[in-house]
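All remarks here apply to the structure that follows.
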Amino acid sequence: MKQVIVRIRDCRPTYTKTIARYYFLCVSSYEYDVLDCVKTLFPGQEIWIKVGNLYSKYISYEELVENSQKDDITIDEELYNNLLEDYNLNYYINQYLPKY
């Protein structure tokens, strides 16, 4: 079964621990639900998106804050851009998962 796994991980200097794990089986469920799953990101945490064995992406809270300040947008808008508007991520998700 093909799926995209989105993990929220707590990253400390001595360990990395998965806090939450979400599975998406189609493109439409990913696009609809992924922002609700990762809204509660805190400092020291990161989002790890894995598209099968094809592609993976890491987004840390600190990167989101830094990029939102550079682009002069909110963190929610930066999160939207990284999760739903990223060309590479969308390409692999659309190629890997069924639409519905």
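How do the pairs read when you match residues in region 78-94 that are without any contact (Cβ under 8 Å) to a residue 40 or more places away in the chain with residues anywhere that are surrounded by 19 or more Cβ atoms within 10 Å (Cβ to Cβ) and part of a helix (DSSP H, G or I), using Cβ under 6 Å and keeping only pairs 6 or more apart or on different chains?
Partner pairs satisfying both residue conditions: Glu78/Leu64.
Can you name every residue in region 74-83 that is surrounded by 14 or more Cβ atoms within 10 Å (Cβ to Cβ) and either assigned to a loop (DSSP other than H, G, I, E, B) or aromatic (Phe, Trp, Tyr) (or both)?
Tyr80
With the requirement that a residue be polar (S, T, N, Q), outside any helix (DSSP H, G or I) and either surrounded by 15 or more Cβ atoms within 10 Å (Cβ to Cβ) or in contact (Cβ under 8 Å) with a residue 60 or more places away in the chain (or both), what does region 26-55 give you?
The answer is Gln45, and nothing else.
Mind checking whether some residue in region 43-55 is touching a Lys or Arg at 6+ places or on another chain (Cβ under 7 Å), among the basic types (Lys, Arg), modelled with pLDDT of 95 or more and within 24 Å of Tyr100 (Cβ to Cβ)?
Within region 43-55 (the criterion being touching a Lys or Arg at 6+ places or on another chain (Cβ under 7 Å), among the basic types (Lys, Arg), modelled with pLDDT of 95 or more and within 24 Å of Tyr100 (Cβ to Cβ)), the answer is no, since none of the residues qualifies.
Any idea how many residues of region 3-15 are surrounded by fewer than 12 Cβ atoms within 10 Å (Cβ to Cβ) and not charged (D, E, K, R)?
Residues that pass the stated criteria total 3.
Hey, among Glu62, Glu66, which residue is closer than 23 Å to Asp10 by Cβ, part of a helix (DSSP H, G or I) and touching a Pro at 6+ places or on another chain (Cβ under 8 Å)?
The unique qualifying residue is Glu62.
Looking only at region 84-93, how many residues end up being part of a helix (DSSP H, G or I) and either aliphatic (A, V, I, L, M) or surrounded by 14 or more Cβ atoms within 10 Å (Cβ to Cβ) (or both)?
Residues in region 84-93 being part of a helix (DSSP H, G or I) and either aliphatic (A, V, I, L, M) or surrounded by 14 or more Cβ atoms within 10 Å (Cβ to Cβ) (or both): 5 in total.
Could you check how many residues of region 7-32 are of a type in the set (Gly, Ala, Ser) and farther than 12 Å from Trp48 by Cα?
In the first step, residues of region 7-32 are kept if they are of a type in the set (Gly, Ala, Ser); the result is 20, 28-29.
Within this subset, residues satisfying the condition of being farther than 12 Å from Trp48 by Cα are 28-29.
Adding up the residues that qualify gives 2.
The values are calculated or read from the model by the stated rules, or taken from the named source; none is laboratory data. Since the structure is predicted, the reported quantities are computational estimates derived from the model, not experimental observations. All Cβ positions, even for glycine, are placed from backbone atoms using ideal geometry, and neighbour counts span all protein chains on display.
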